Amino acid sequence: MGSFYAAWGATVGSSATAPTNGSVRDMALVTLGGSAVRIRLINPDTANPLVVCAAYIGLQKTNPGPALVPGSSRQITFNGGQPGITLPPNTPYAYSDPVAFNVNPQQVVAVSLYLSASTAATAATATWNSSYATASGAGDQTRDESGASFTTDLAGATFDATFGTGVQEDLISGVDYALAAIDVLTTTANGSVVALGSSTFHGYESEQDEYDHVIDDLGARINNEIPAGMRKGLVDEGLGGDSLFVALAGRYARDTFTQTGVTGVILYDINDLDTQNNQTVADVENNYRLAVSEAHAHHIRVFCSTWAPESVSDTSQILGNERGQVNEFILTSGVCDDIVDWATTLSEPNVPLSYNPAYFSDSIHPNAAGHMAMAEAVPLARWFEAGAY
């Protein structure tokens, strides 16, 4: 029969314009295949409830775009068969009922939510793909498989309803609405791994809607190279601008320890030495020790990486030296359960503080080729075949 494991995820992100008395259609690429799913919703809004009156899940027909594979749509229920759910303000998460739904690994699913409230909750989640919305007042369009009702993206930009004409390429909103995770009932996996990081994990400088950033590339490797029954779902909790000490004070426990079947976490929050964060090298080292200690208390293994070139916004020699000290700590301290040396992967061999030109984008983030190089450098079997700590 199998078990449920988290196969996709996103953390609370920037705000998005959601319709009132309208519908949204969230897109998500799941990393595991199986025979049933359940969704996890979140309401971080401090004032307004999230009122979902209907929910459906289907398979995306063509990427990008809101159309669904005909006949693929299935109703999602909550609390033992109810068609909707209301999440009060500041609800960390709530799950739907399981729904029979066949899905393949690396397939994009669409979760449609009807929002009836006169004031929509601010509940964006951080992704790097387009998702869609109807106009306010359009009502319940969750069962619209044609996608014709979904005429805006979640940032509010209006576009041509004949999707696929190139208009989509200009949409860079990169958010879903209220959707925080998708679990899949599968026989191919024995756990899930959370990728908790900053903008590189979020997807910056990869191609939107191409699903080609490091966590997507890792998901493809897992499916192609790890035997069925030993695979791991991936939950991408990347958030632009995040730092480890901020995550530890807020989202680390929620986004990591509460995921279904989690056995590991990858840490790549690399903004702690940014001058605005006022962290020292000793602070960063303590942040890692705390993150590992908390994960181990939940029987979760921790995988760490060295920081990439110019991974702080102030690229002075002082901070370059501090980054080197952090990397030496990651490589030699033994604090983490396993490591990958992404600094070496992405660096110009003769100028270690600079990006290899082949992987260079904007001096902070790797380009799509750099994202792939990062994924290929991961010791796959050690990170994704082993069980919990």
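Bear in mind that the values in this text are calculations on the coordinates, not laboratory data. This is a predicted model, so every value here is computed, not measured. Glycine gets a Cβ as well: all are built from the backbone with ideal geometry, and neighbour counts include every protein chain shown.
Using only alpha carbon pairs under 8 Å that are at least six residues apart, calculate the relative contact order of the chain and give it in whole percent.
Relative CO of the chain lands at 19 percent.
Once phi is turned into θ = phi - 60°, what whole-Hz ³J(HN,Hα) does the Karplus curve with 6.51, -1.76 and 1.60 give for every residue of region 292-302, x standing for Gly and Pro?
Running phi through 6.51 cos²θ - 1.76 cosθ + 1.60 with θ = phi - 60° gives 5, 4, 5, 5, 4, 5, 9, 6, 10, 7, 10 Hz.
Just to be sure I understand: of the beta bridges DSSP finds with both ends in the chain, what percent are antiparallel, rounded to 5?
Bridges in the chain are about 75 percent antiparallel.
Taking Cα atoms, how many degrees apart are the long axis of helix 317-332 and the longest axis of the chain, rounded to 10 and kept between 0 and 90?
Between the helix axis and the principal axis of the chain, the angle is about 90 degrees.
Using per-residue counts of other Cβ atoms within 10 Å, averaged over each peptide, order 299-308, 371-380 from highest down.
Going by the mean number of other Cβ atoms within 10 Å, highest first, we get 299-308, 371-380.
Using the basic label-point model (7 angstrom from Cα toward the beta carbon), what is the His296 to Ser354 distance in nanometres?
Taking the simple label geometry, His296 and Ser354 are separated by 4.1 nm.
Go ahead and estimate [θ] at 222 nm for the chain from helices alone: -39,500 (n - 2.57) per DSSP H run with n ≥ 4, summed, over the residue count, rounded to 500.
-5500 deg cm²/dmol
Once R0 is set to 25 Å, what does the formula 1/(1 + (r/R0)^6) return for the Cβ-Cβ distance between Gln325 and Arg221, expressed as a FRET efficiency to the nearest 0.05?
Computed FRET efficiency for Gln325 and Arg221: 0.20.
Along the Cα→Cβ direction, 7 angstrom out, place labels at Ser15 and Glu376. What is the inter-label distance in nm?
So the label points at Ser15 and Glu376 sit 4.3 nm apart.
Hey, can you grab everything whose amide H is under 5 Å from the amide H of Tyr177? Only 5+ residues off in sequence or another chain; H modelled, so Pro and N-termini drop out.
Close amide H contacts, sequence-distant or interchain: Thr125.
Going by a 4.7 Å Cβ-Cβ cut-off, which cysteines of the chain have no partner at all?
Among the cysteines of the chain, those whose Cβ sits 4.7 Å or more from every other are Cys53.
How much length would be gained if the chain were fully extended between Ala249 and Tyr93, taking 0.36 nm per residue of separation minus their Cα-Cα distance, in nm to one decimal?
54.4 nm
Please give the charge dipole size of the chain, origin at the Cα centre, charges +1 on K and R Cβ atoms and -1 on D and E Cβ atoms. Round to the nearest 20 debye.
The dipole magnitude comes to about 1380 debye.
Return one number: the angle in degrees, 0 to 90 and rounded to the nearest 10, between the long axis of the Cα atoms of helix 368-377 and the longest principal axis of the Cα atoms of the chain.
Approximately 70 degrees, to the nearest 10.
Per residue of region 259-267, in order, report the coupling 6.51 cos²θ - 1.76 cosθ + 1.60 (Karplus, θ = phi - 60°) as ³J(HN,Hα) in whole Hz, putting x for Gly and Pro.
Those phi angles translate into 6, 6, x, 5, 10, x, 9, 9, 9 Hz.
Tally Lys/Arg at +1 and Asp/Glu at -1 over every other residue whose Cβ is under 9 Å from the Cβ of Asn287; what's the total?
Spelling it out: positives minus negatives among the neighbours equals -3.
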